[in-house]
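Colleague: Here's a structure for you.
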Amino acid sequence: MEKPNNRILSGVQPSGDLHLGNYLGAIKNFVTLQKDYECFFCVVDLHAITVWQDPEVLKDKTREVTAAFVASGIDPNKNNIFVQSQVPQHAQLGWIFNCVARMGWLNRMTQFKDKAGKNSENVSVGLFSYPTLMAADILIYLATHVPVGDDQKQHLELTRDIAQKFNNDFKTDLFPIPEPLIIGEATRVMSLRDGLKKMSKSDPSDYSRIMLTDTADKIVQKIKKAKTDPKPLPDNKKDLENRPEAENLISIFASLKDDTVENVIKEYGLKEFSFFKQELSDLAIAKLEPITKEMNKLLSDITYIDSILKDGRNNARSVAEPVLMKTKEIIGFLS
Ligand code: ADP
Ligand code: TRP
């Protein structure tokens, strides 16, 4: 079995509409990285059902994430785009990793604590063991690099621990220790209503996030209403400390423009936020509108979307199966 040295896997859940955090923290980086890596981009529906999903909506959202990948610039002919539940090897390796990971490791996962909240007795078992399946998503392809937003850092560390423990326990070097790729100027996009909270699908306020499906008018309104402090933009990066809302808007601008926070501050330092927000709206619309349009166009041809997923699934299975076979042999399962 061939061991890759530059293979990427990443996943996005079809659990709701995609927002600017998903785009800047993950998908935009996928587009850049496809040039230098062999890529597997997975719509992680098994992860989505760790919380309730309406069956009809889940189907639509699975195709929407696929369309968003392609509309953002991921070439489906050069990369594997596929649905997690259509490659059963993920769940099979996930079970094995449930028996490798320790309760103590999972008990430390902050995303579980955030998502379960006070309701921890009543959430699904899947929500708790979520990170072991994520480790399987990555390691079933022997992926070496994983581009994600900053919020997934802890899950990546757990993946590394699982790979290491499996290799040690069975005295093998089968699994690579994958590296996170947390890159760009907006690795953690914050809510537009509260600069201390992550922009997320689950925030009850629609004004907290910009969706990839928002119209230009909606984007203008949301940015206009975004929380800021009364001061103008700072004229150096250090003065962004303790100004989370200002820092967030400036990082979003830098990331959308493919520029650095320093350069944005150089250009807009000491300008009023009312002016900066207009510039940010124009930039966001210029960058997002073509993606939204392309997404809608792609979604009008479901046969095409499904054909991309079928090719992706077949390729993904052919890479995943020998790794699963090898893992089973190492464990001592009969073939
Ligand atoms: P969500 O976290 O919105 O439920 P996913 O779990 O599907 O979405 O995340 C898909 C990708 O988007 C992951 O790589 C994740 O790190 C990234 N991501 C999600 N929210 C943000 C954010 N606010 N800022 C940066 N990246 C984010
Ligand atoms: N857990 C990721 C998130 O919530 C989604 C995900 C599932 C993922 N499997 C993955 C990301 C594998 C990277 C690699 O955002």
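The values are calculated or read from the model by the stated rules, or taken from the named source; none is laboratory data. These numbers were taken from a predicted model, which means no experiment stands behind them. Cβ atoms come from the backbone with ideal geometry, glycine included; neighbour counts cover every protein chain shown. Quick note on the areas: whole protein, heavy atoms, side chains included, nothing else; ligands and nucleic acids left out. Shrake-Rupley method; radii C 1.70, N 1.55, O 1.52, S 1.80 Å.
Colleague: Of all residues being small (G, A, S) and over 22 Å from V319 (Cβ atoms) in the range 22-64, which is farthest from the chain's Cα centre (by Cα)? Just the residue, please.
Modeller: A48
Colleague: Restricting the range 214-229 to residues that are within 19 Å of Y23 (Cβ to Cβ), assigned to a loop (DSSP other than H, G, I, E, B) and not hydrophobic (A, V, I, L, M, F, W, C), which is least open to solvent (accessible area, probe 1.4 Å)?
Modeller: Filtering the range 214-229 for residues that are within 19 Å of Y23 (Cβ to Cβ), assigned to a loop (DSSP other than H, G, I, E, B) and not hydrophobic (A, V, I, L, M, F, W, C), the one least open to solvent (accessible area, probe 1.4 Å) comes out as D214.
Colleague: Condition first: more than 16 Å from C42 (Cβ to Cβ) and open to solvent by less than 10 Å² (accessible area, probe 1.4 Å). Can you find one or more residues in the range 136-153 that meet it?
Modeller: So far as the range 136-153 goes, no, none of its residues is more than 16 Å from C42 (Cβ to Cβ) and open to solvent by less than 10 Å² (accessible area, probe 1.4 Å).
Colleague: Is at least one residue of the range 191-206 among the basic types (K, R), open to solvent by less than 50 Å² (accessible area, probe 1.4 Å) and within 16 Å of ligand 1 (Cβ to nearest atom)?
Modeller: no
Colleague: Quick one: what pairs do we get from the range 194-214, first residue without any contact (Cβ under 8 Å) to a residue 24 or more places away in the chain, second of a type in the set (D, E) and open to solvent by less than 60 Å² (accessible area, probe 1.4 Å), C-beta under 8 Å, 6+ apart or different chains?
Modeller: Taking only residues 6 or more apart or on different chains, the pairs are K197/D203; S208/D194.
Colleague: Counting only residues that are outside any loop (DSSP other than H, G, I, E, B), within 12 Å of ligand 2 (Cβ to nearest atom) and under 23 Å from G21 (Cα atoms), how many does the range 119-160 have?
Modeller: Number satisfying all stated conditions: 20.
Colleague: Specify the residue that is nearest to E179 (Cα to Cα); the eligible residues are those in the range 122-131 that are surrounded by fewer than 24 Cβ atoms within 10 Å (Cβ to Cβ) and not aromatic (F, W, Y).
Modeller: Across the range 122-131, the extreme among qualifying residues is S129.
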